[in-house]
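Asker: I am attaching a structure below and will ask some questions about it afterwards.
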Amino acid sequence: GGGQKTAIGKDVNGRGWKVGLLDPLDRNKIIKVIRLTNASVETSANYENHFFYKGKYYGHIMNPATGMPAETDTLSDTIIVKNKDFKFPSTVADALSCSFFILNKKQISNVINRFKKPIEVILIKKLNGHLKIYNLVSNS
């Protein structure tokens, strides 16, 4: 995992708490702002913890099928769950975030729909040199 946050209630203006998602290519920029009310959020990404070996980039999130660092076009994924839907919402968001980092959009949609609870996933991918943001929401 990376950035865990839990929002309880609303801010002083009666709106959801603002959480900024960093641009994976420029961590000084916020690429998207989300608002949370009674929800937990977790972001996983490889841009904080990584290394280069023989000119190749390796992130810290491992693919359990290969035992090697994940090779994916996903730069970050953010999971949002409602606090009331899970006994330990931050833990659920954390587990899903790490797992989803190596899955494709269809696989992620299949998993979140099995929960029968509202789950939102924000994927930031690098495709053809450009960032693309995908919002996936469960069918609950």
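The values are calculated or read from the model by the stated rules, or taken from the named source; none is laboratory data. Quick caveat, the model's predicted, so the values are computed rather than measured. The accessibility values were calculated without ligands, DNA or RNA, using every heavy atom of the protein model including side chains. Shrake-Rupley method; radii C 1.70, N 1.55, O 1.52, S 1.80 Å.
Asker: When the Karplus curve 6.51 cos²θ - 1.76 cosθ + 1.60 is applied with θ = phi - 60°, which whole-Hz ³J(HN,Hα) does each residue of the stretch 106-113 get, with x for Gly and Pro?
Answerer: For the stretch 106-113, the Karplus curve yields 5, 4, 4, 4, 4, 5, 5, 6 Hz.
Asker: Let me ask you something else. How tilted is helix 89-100 with respect to the longest principal axis of the chain? Cα atoms for both, answer in degrees (0 to 90, nearest 10).
Answerer: Between helix and principal axis, roughly 30 degrees.
Asker: Per residue, how large is the accessible surface of the chain? Use a 1.4 angstrom probe and give square angstrom. Walk me through the numbers on the way to the answer.
Answerer: Working: 8450 Å² over 140 residues.
Averaged over the residues of the chain, the accessible area is 60 Å².
Asker: Next question, about the same structure. Can you give me the Cα centroid spacing of the stretch 67-125 and the stretch 8-52 in angstrom?
Answerer: A separation of 15 Å, based on Cα centres.
Asker: Please report the carbon-and-sulfur percent of the accessible area for the chain; probe 1.4 Å, protein heavy atoms only, DNA, RNA and ligands left out. Could you put the intermediate results ahead of the total?
Answerer: On the way: 4430 of 8450 Å².
After summing per-atom areas, the C and S share lands at 52 percent.
Asker: Step through the table entries Lys106/Lys132; Lys5/Lys56; Lys87/Lys132; Lys29/Lys126; Lys32/Lys82, compare each Cα-Cα distance with 25 Å, and write down the pairs that go over it. Don't skip to the answer; put the middle values down first.
Answerer: Working: Lys106/Lys132 16 Å; Lys5/Lys56 32 Å; Lys87/Lys132 33 Å; Lys29/Lys126 16 Å; Lys32/Lys82 19 Å.
In this structure, Lys5/Lys56; Lys87/Lys132 exceed 25 Å between Cα atoms.
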